[in-house]
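The values are calculated or read from the model by the stated rules, or taken from the named source; none is laboratory data. Given the structure is predicted, the values throughout are model-derived calculations rather than measurements. Because the Cβ atoms are built from the backbone with ideal geometry, glycine has one as well, and the counts that use them run over all protein chains shown.
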Amino acid sequence: MILPPKVIHPPGEPAFTPKKSETSALIADTFNGKIHIEWDPQAQVTTLGQLAFFIQYLKTGHRLMPWVEECPFRHTSPNAPKKITVLGSLVLSILGRYTRYAHITRIQEDCVNAPLLGMTKVVGEEGARNGLKAR
């Protein structure tokens, strides 16, 4: 009886070729309207890459706006940011896994996720701190 040769090093995994259906755009309904999301397999992964889907969850589940409306702080200055801007900046900071007010500066130039939450900008660390002090 002749045994087959023993394979010492098996061949590697076959190259992954995405199908057409896997690369089609997804739709997320955000506070800024519906957006189309397409994946780029060559792009780097970011911590906030899946945030559009979480924002859709917040909108369709009616989770964000009741929280913003019930928040007790009030601003008296006409130059003060809106409640959604302060609270949304804190939400983005928390979802980015930042733990201090100073880390909000890292997302202050975010021009993608802020409008998805219905914000015009991300406040800085001082704006967030003052926003939470205002009552």
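Data table
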read-out: One residue from ALA102, ALA52, ALA128 being outside any loop (DSSP other than H, G, I, E, B), at pLDDT below 90 and surrounded by 18 or more Cβ atoms within 10 Å (Cβ to Cβ); value: ALA128
read-out: Residue in region 10-31 that is under 20 Å from LYS121 (Cβ atoms) and not in a loop (DSSP other than H, G, I, E, B) present; value: yes
read-out: Of residues in region 23-43 being small (Gly, Ala, Ser) and farther than 21 Å from LEU117 by Cα, the one surrounded by the most Cβ atoms within 10 Å (Cβ to Cβ); value: SER24
read-out: Any hit, region 34-48, residues being touching a residue at least 40 places away in the same chain (Cβ under 8 Å) and farther than 30 Å from ASN130 by Cβ; value: yes
read-out: Out of THR76, THR46, sole residue that is closer than 14 Å to VAL112 by Cα and either in a loop (DSSP other than H, G, I, E, B) or out of contact with any strand residue (DSSP E or B) (no Cβ under 6 Å at 6 or more places or on another chain) (or both); value: THR46
